[in-house]
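Colleague: Just dropping this structure here.
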Amino acid sequence: MNMEIVAAVAAVVAGVGILVGIVLVIAAEKFKVEENEKQTAVRELLPGANCGGCGFAGCDACAEAIADGKAPANACPVGGPALAKKISEVMGIEAGEIKQMVAFVKCSGTCDKAIKKYEYHGLEDCNALSVVPGAGDKGCEFGCMGYGACVKACKFDAMHIVDGIAKVDEDKCTGCMACTKVCPQHIIAMVPKESKVRVACSSHNRGVQVKNVCKAGCIGCTLCTKQCEADAIHMDNNVAVIDYDKCTACGKCAEKCPVKIIHMFS
């Protein structure tokens, strides 16, 4: 009698298992998400850095947005023009013109040029230092603190602290903008890699106020603006700013700059 009960129970359990299996198969077929072949193809092309430079949560989200037409083929700054071309071929669309952008630190306040207000001994992090009275130990409140928040944020080893300020290795920089997001001074800008003229200062002070805290700061003299025949350089809150769409890289502004903070790049 006991064996008959065990057999019956086993049969019931087996029957229930088979029924549940059938229901799961039917449900999986009914509710399955159709694979987007273009999304898969785009995702395979993306570098997998998940840096967020495209404005999406990661490469998966970026691929989905591109496949759905919510983002352009050149949405990924890491891959640059070459990747944009491949993605446009997958999507059957034009990639559009894209300029490779790189990070540029708008500061020339190296150890031999920047005046220090005091000796700082504490947590070596720019964001922590930004809440210290005076916004850091350097005399210039607008410049690079030199404690490497940007270095820690960069996943491509493109940022390093050299002689007290952040420097960008443009051969490694992907333009992901991670460094610009963490800089408490907001002095890291994205510029076209091909740009040949750049202003390496962010001070909003003028004249003696600048000279008292840094030997390499824009003094707001406006001489550079008077030299530019292309109307490509203007003063914005006492610091020179370049319009890269107009700049012809003639170099006249750099030649005239008395403090030599307008740099020419080959």
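Colleague: What number of residues within the stretch 178-212 are farther than 27 Å from residue 248 by Cβ, in contact with a Gly (Cβ under 6 Å, 6 or more places away or on another chain) and not charged (D, E, K, R)?
Modeller: Result for the stretch 178-212: 1.
Colleague: Taking residue 29, is it closer than 19 Å to residue 92 by Cβ, at pLDDT below 80 and among the acidic types (Asp, Glu)? Lay out the reasoning, then the answer.
Modeller: On the way: closer than 19 Å to residue 92 by Cβ: no; at pLDDT below 80: yes; among the acidic types (Asp, Glu): yes.
When the stated conditions are applied, residue 29 does not pass them.
Colleague: Of these, 174, 222, which one is among the β-branched types (Val, Ile, Thr) and at positive phi?
Modeller: 222
Colleague: Go through 53, 96 for me and flag whichever is at pLDDT below 80, in a loop (DSSP other than H, G, I, E, B) and crowded, with 21+ Cβ neighbours inside 10 Å. Steps first, answer last, please.
Modeller: Working: 96 fails: crowded, with 21+ Cβ neighbours inside 10 Å.
Of 53, 96, the one residue that is at pLDDT below 80, in a loop (DSSP other than H, G, I, E, B) and crowded, with 21+ Cβ neighbours inside 10 Å is 53.
Colleague: Another question, then. Does residue 71 qualify as being surrounded by 16 or more Cβ atoms within 10 Å (Cβ to Cβ) and in contact with a Phe, Trp or Tyr (Cβ under 8 Å, 6 or more places away or on another chain)?
Modeller: Working: surrounded by 16 or more Cβ atoms within 10 Å (Cβ to Cβ): yes; in contact with a Phe, Trp or Tyr (Cβ under 8 Å, 6 or more places away or on another chain): yes.
Yes; evaluated as a whole, the condition is true for this residue.
Colleague: Would you pick out the residues in the stretch 227-246 that are of a type outside the set (Val, Ile, Thr) and in contact with a Lys or Arg (Cβ under 8 Å, 6 or more places away or on another chain)? Write out each step before concluding.
Modeller: As a first pass, look at the stretch 227-246 and keep what is of a type outside the set (Val, Ile, Thr): 227-232, 234-238, 240, 243-246.
Across the stretch 227-246, the qualifying residues are 227, 228, 229, 230, 231, 232, 238.
Colleague: Consider residue 133 carefully, then state whether it is more than 15 Å from the chain's Cα centre (by Cα) and either modelled with pLDDT of 90 or more or assigned by TED's automatic domain parsing to the domain that holds residue 194 (or both).
Modeller: Spelling it out, residue 133 is indeed more than 15 Å from the chain's Cα centre (by Cα) and either modelled with pLDDT of 90 or more or assigned by TED's automatic domain parsing to the domain that holds residue 194 (or both).
Colleague: Farther than 30 Å from residue 45 by Cβ, in contact with a Phe, Trp or Tyr (Cβ under 6 Å, 6 or more places away or on another chain) and in a loop (DSSP other than H, G, I, E, B) - does that describe any residue in the stretch 123-131?
Modeller: Looking only at the stretch 123-131, we keep the residues that are farther than 30 Å from residue 45 by Cβ, and these are 123-131.
Still in the running and in contact with a Phe, Trp or Tyr (Cβ under 6 Å, 6 or more places away or on another chain): 124-126, 129.
From what's left, in a loop (DSSP other than H, G, I, E, B): 124-125.
Yes, that holds for at least one residue.
Colleague: Now for a different question. Could you grab the pairs with beta carbons closer than 9 Å, sequence gap of 6+ or different chains, first residue in the stretch 104-132 and within 20 Å of residue 210 (Cα to Cα), second one of a type in the set (S, T, N, Q) and exposed (fewer than 14 other Cβ atoms within 10 Å of the Cβ)?
Modeller: As it stands, the answer is 115/212, since those pairs meet every condition given.
The values are calculated or read from the model by the stated rules, or taken from the named source; none is laboratory data. Please read all numbers here as calculations on a predicted model, not as lab measurements. When we count neighbours, we look across all protein chains shown, and the Cβ atoms used for this are built from the backbone with ideal geometry, even at glycine.
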